[in-house]
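Visitor: This is the structure I have questions about; it appears just below.
Taken together, the values in this text are just the output of simple stated rules run on the coordinates, not laboratory data. Keep in mind that this is a model prediction, so the values were computed, not measured. Cβ coordinates were reconstructed from backbone atoms using ideal geometry, including for glycine residues, and neighbour counts include every protein chain displayed.
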Amino acid sequence: EDYTAGFPWHPHRGIETITYLVEGEIEHGDSLGNTGVIGSGECQWMRAGSGIVHQEMPQAAQRMLGLQIWLNLPAKDKMATPKYNGITKEEVPVVNEPGVEVRVLAGHYKDVKGATQGDNVKATYLDVTMEAGASWHLETDPGQTLFIYAFYGEAIFGKDEQPTASRQAVLFDYAQTFSAKAPKTATRFVLLMGSPLKEPIAWGGPIVMNSKEALNEAFQELEKGTFIKEAGVKA
């Protein structure tokens with residue numbers, strides 16, 4: 001039950017945080033004034049931009065399953081206005097195919113538009129569930145970066161048919177078509193894909209900038225109490 005200690009109030013700058021919960025509940029609050037609960041099948045897509053302070057507190061549950069991804073903002077948007085976007089389960093399109101279910105959180109899947117398209121970073125975010133014995137293929141752009149995180153099950157991914165177990169993340173160098181097979185067990189994984197920024201990265205804890213100077217400035221502002229630059233966009 002150590003997860004119930006959660007993540008008390010902490011800052012972010014220069015990124016977007018995407019918290020996706022498959023099962024469970026997380027209470028959240030932020031410096032924009034947002035408060036609420038992220039429930040099963042829901043997503044919190046938050047642009048930290050110039051600076052936000054928030055907390056995420058998981059609630060005790062029979063099962064807690066989810067993940068948080070950070071999307072690096074391009075240099076021109078590092079200091080963008082903070083913004084919160086809560087995505088409910090009902091807002092996520094679901095595509096059913098033989099032996100496969102695809103939830104389209106962001107971007108597009110075939111002709112289906114996801115729950116969000118992103119304001120600053122255009123990413124594809126899919127939650128894929130496969131029955132045992134199923135296979136799945138996705139047409140991709142070789143110029144983009146693609147990785148998966150496996151929630152559960154055993155699957156074979158990519159052109160090299162790399163076996164992947166539960167709770168593993170894999171970054172792929174792949175061709176025009178990405179493939180997945182679940183030969184023995186039901187499998188669930190998320191797939192994220194987007195264009196690399198190809199910019200310098202200066203990372204310090206919850207803050208990601210383009211230079212050490214900008215990173216140091218952010219931490220100095222935290223100490224001075226000048227970190228929050230603007231009210232931001234409340235949900």
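Visitor: In the calculated pair distance distribution of segment 96-235, what percentage of Cα-Cα distances lie above 28 Å?
Guide: 34
Visitor: Per DSSP helix of 4 or more residues, -39500 (n - 2.57); summed, then divided by the residues of the chain. What does that give at 222 nm, rounded to the nearest 500?
Guide: -2000 deg cm²/dmol
Visitor: Now a separate question. Counting other C-beta atoms within 10 Å, which of 189, 178 has the fewest, and how do the rest follow?
Guide: In increasing order of surrounding Cβ atoms, one gets 178, 189.
Visitor: Under 5 Å between amide H atoms, partner at least 5 residues away or on a different chain: which partners does residue 25 have, H built in plane at 1.01 Å?
Guide: Under 5 Å from the amide H of residue 25 lie the amide H atoms of 59, each far enough along the sequence or on another chain.
Visitor: What list of ³J(HN,Hα) couplings, whole Hz, do you get for segment 17-28 from phi and the Karplus terms 6.51, -1.76, 1.60, once you set θ to phi - 60° and write x for glycine and proline?
Guide: Each residue's phi maps through the Karplus curve to give 10, 10, 9, 10, 10, 7, 9, x, 9, 10, 7, 9 Hz.
Visitor: Going through segment 127-235, which GluC sites (Glu not before Pro) have at most 15 other Cβ atoms within 10 Å and a DSSP loop state?
Guide: For GluC sites (Glu not before Pro) across segment 127-235 that sit outside H, G, I, E and B with at most 15 neighbouring Cβ atoms in 10 Å, the list reads 131, 161, 230.
Visitor: Using only Cα atoms, what Kirkwood radius does segment 2-89 have, in angstroms?
Guide: Mean inverse Cα-Cα distance, inverted, gives 13.1 Å.
Visitor: When the gyration tensor of the chain is built from Cα positions, what are the square roots of 5 times its three eigenvalues, in whole Å, from largest to smallest?
Guide: Working from the Cα gyration tensor, I get semi-axes of 32, 21, 16 Å.
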